[in-house]
1. Pairs only if they're at least six apart or on different chains, beta carbon under 7 angstrom, first in the range 284-296 and over 20 Å from Ala350 (Cβ atoms) and open to solvent by less than 10 Å² (accessible area, probe 1.4 Å), second of a type in the set (Lys, Arg) and assigned to a loop (DSSP other than H, G, I, E, B); list them, first residue then second.
2. Can you confirm whether Pro99 is within 18 Å of His115 (Cβ to Cβ), crowded, with 20+ Cβ neighbours inside 10 Å and in contact with a Lys or Arg (Cβ under 9 Å, 6 or more places away or on another chain)?
3. Do we find a residue being open to solvent by 30 Å² or more (accessible area, probe 1.4 Å) and modelled with pLDDT of 95 or more anywhere in the range 255-266?
4. State yes or no: is Arg432 at pLDDT 95 or above, more than 27 Å from Gln57 (Cβ to Cβ) and of a type in the set (Lys, Arg)?
5. Residues of the range 56-96 being open to solvent by 10 Å² or more (accessible area, probe 1.4 Å), touching a strand residue (DSSP E or B) at 6+ places or on another chain (Cβ under 8 Å) and either assigned to a helix (DSSP H, G or I) or farther than 24 Å from Glu150 by Cβ (or both), which ones?
6. Does Gln74 count as touching a Pro at 6+ places or on another chain (Cβ under 9 Å) and not basic (Lys, Arg)?
7. Could you tell me whether the range 106-113 includes any residue that is hydroxyl-bearing (Ser, Thr, Tyr), assigned to a helix (DSSP H, G or I), at pLDDT 95 or above and surrounded by 14 or more Cβ atoms within 10 Å (Cβ to Cβ)?
8. Give the range 396-418 a look and list any residue that's part of a strand (DSSP E or B) and open to solvent by 20 Å² or more (accessible area, probe 1.4 Å), or say none.
Amino acid sequence: MRLGKAGALIVVGFAAACGFLTSTPPSTPTARPTVPLPTAAPSPLPAPTWPPVTGPQPSNRVAVFYYPWYRTPQVDTYWDHWGEGAFGPPLDIASDYYPTLGAYSIADSAILAHHFAWLREAGVGVIISSWWGQGSREDQAVALLLEVAEEYGIKVAFHIEPYHGRTADRLVEDVKYLYDRYGAAPAFFRTNASSRWSPDDRPKGLFFVWLIEFTQADGPRVEASYWQSAMDAIHSLPDGGLIIANTTQGGWVDAGHFDGLYNYATLDLERSRGFSWAQSLPPEAWYVPSVLPGFSARRIGYAADTYVPRNDGVTYDAQWEAALGLAVEPAMVTITSFNEWHEGTQIEPAAVGAENGRGYTYEDYDPLSEEGYLRQTQRWVQRFLALTWPATYRARIRVSTTSDWTTFGLVSGGTWLRPVLVSASEEAIEARLEGDRIELIQPLARAEAGGSVQVVLDVLLSDLDLDGTIVFAIERGHLGSTQVELSNFLGAEPLLVDTFIWAGIASDERNTSVVEAPAEQFLSTPP
């Protein structure tokens, strides 16, 4: 992400978001160019040669966020991004780490060749290039990105940032512009995959939208519905398009007609419940988890609670493990990032023992090698592509209550996910699936008068044991009663298989009743 005007807002977003395996290491991706770390003022450097194209075709199910905003006087006549703030490149850059390639320019095709050669060997088939609007410096980099990416079998998708003036209508125009200007390039990423709101098999482009809860970095907060007509317009384009939104609120998929969601950075897996937000995605919506090796932006002044140590690669392993450890299969895994050096999330090789000339020694990946995160990425890509996910079984849940509040939660014996709201009483204040619990709330005065509300949801049950039981918990206020009906919905119509009623008063604070249902009644189509 870009520093500067949006920086404070981005840090707030990250703070709110806060919240392992071995195999034979692959061969070194490519040899680094023989360019030493600079020791003096900028001077022309010999152009490194392009590395050979080696390794199998990389996977288009693994992508990495990529930042094409770096510039140098030798190539571009000016510095960009390396010297943000009070830093003095090429020795002193706006990062806690220093790249083995030095303070480079994205306009140098040999630099891009090394990047794409590394990514190909790591098994990453797509870069998601940061894009700040039509005519921006990042936009000007796209043509060369596409040209070099084609040589290495890498595809290019786009990360539409919250540039000044971004609106829903502008987003539609941006997608049209990207198709018109770059859509004919062989490296322009397209997929025949479908989604909940784009069910056809046209070869569609893929677009990620950062900070979706705002129109732009300094703009107003918006609801999901603000984007709905824009999403419909993009889906109706001749080329269509898949739009992946930066939020972990599953309700945004249907409210905004998005094709899927991504998180970009989860700084604290435990406190934020990791990637459990995937369970709230409706059917056919893309689950796109973003995994990161660490987060270190201390030199540029980010808040202390954004720092995530790499822990010798353990942090990266834990992120991958959590992203793949759910019953929800990712449509794509994204890596944050290849080269966001400001925030220290990069997997690009970092130099060992580099100094800034002002008494600061840059961090490195020790005990991992300079290219250690590329090797770690390759192992995880291979594991991801070899994984299978458990079968799912559709069920319908109807919860009705005369209490002011009630919940119905899955405790053990399985997982429910991919909820679809079928119906809910207009009088209900809340009627939704939140994590592993359905919440149903009505006004207290209405409950005291004997009023009733209900909610009906379809869910997918997973991780079921044929011979086991599913354990649920019903909670409610001390008024009235709650009734839950469970139906097998593998056939054409739902078939009622269990009913539970909780009208008592338990000793615990949440007034809980634990109930059980045999798993086998959800595992096959009724006769």
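1. Ala285/Arg196
2. Against the criterion (within 18 Å of His115 (Cβ to Cβ), crowded, with 20+ Cβ neighbours inside 10 Å and in contact with a Lys or Arg (Cβ under 9 Å, 6 or more places away or on another chain)), Pro99 does not qualify.
3. Within the range 255-266, one or more residues are open to solvent by 30 Å² or more (accessible area, probe 1.4 Å) and modelled with pLDDT of 95 or more.
4. Considered against the rule, which asks whether it is at pLDDT 95 or above, more than 27 Å from Gln57 (Cβ to Cβ) and of a type in the set (Lys, Arg), Arg432 comes out as no.
5. Tyr78, Trp79, Asp80, Leu91
6. For Gln74, the condition - touching a Pro at 6+ places or on another chain (Cβ under 9 Å) and not basic (Lys, Arg) - is met.
7. Yes - at least one qualifying residue is present in the range 106-113.
8. Answer for the range 396-418, where residues must be part of a strand (DSSP E or B) and open to solvent by 20 Å² or more (accessible area, probe 1.4 Å): Arg396, Arg398, Ser400, Trp405, Val411, Ser412, Thr415, Arg418.
The values are calculated or read from the model by the stated rules, or taken from the named source; none is laboratory data. Note that this is a predicted model, so its numbers are computed, not measured. Every residue, glycine as well, gets a Cβ built from its backbone with ideal geometry; the counts of neighbours run over all protein chains shown. Heavy atoms of the whole protein, side chains included, go into the accessibility calculation; ligands, DNA and RNA do not. Shrake-Rupley method; radii C 1.70, N 1.55, O 1.52, S 1.80 Å.
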